[in-house]
Amino acid sequence: MDQRPLSPHLGVYKFAYTMSLSILHRITGCAAAVGFLLFVWWLTALASGPDSYARAMQCLSSPLAKLLLVGFAFSFVYHFCNGIRHLVWDTGRGLERAQARRSGAVVIVAAVLLTALVVWLGCQAMGFSHPGPL
């Protein structure tokens with residue numbers, strides 16, 4: 001009987017840095033989706049009047065909620081940056097091992113810096129001089 005080919009999975013491949021970025025891309029996609037649901041809830045509260053908005057803002061002002069919001073921001077930004085990387089790969093560029101590792105590092109640095117910028121801009125828009133304690 002002929003051996004059927006194995007489908008690619010972690011038992012076939014040796015774990016590599018780029019694999020962790022691929023896994024993180026999937027996880028951040030799911031986390032960003034949850035974050036957008038939270039955003040829709042906030043928009044609904046905003047449209048529902050001052051009492052609903054005040055309750056939503058009270059909930060979103062807790063230290064845990066602030067930490068989750070920063071996490072959702074990172075999830076969105078990382079997923080976006082890595083999605084651009086994948087679009088470049090779709091053109092046939094950047095697929096060599098060294099290029100893929102280098103672009104992965106660029107994505108991580110860009111995601112951290114852009115997330116910090118988004119959080120800073122959000123704090124400025126809300127009238128905070130700095131993020132303060134989470």
Segment 17-125 - percent relative contact order, Cα under 8 Å, separation 6 or more: 33
Interatomic Cα distance distribution for the chain, bins of 10 angstrom, percent: 11, 31, 28, 17, 10, 3, 1, 0
The chain: angle of helix 17-47 to the longest principal axis, Cα-based, in degrees nearest 10: 20
Taking LEU43, LEU24 and counting other C-beta atoms within 10 Å, the order from fewest to most: LEU43, LEU24
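Taken together, the values in this text are just the output of simple stated rules run on the coordinates, not laboratory data. Here the structure is a predicted model, which means the values were calculated and not measured. In this analysis, Cβ positions are derived from the backbone assuming ideal geometry, glycine residues included, and neighbour counts consider all displayed protein chains.
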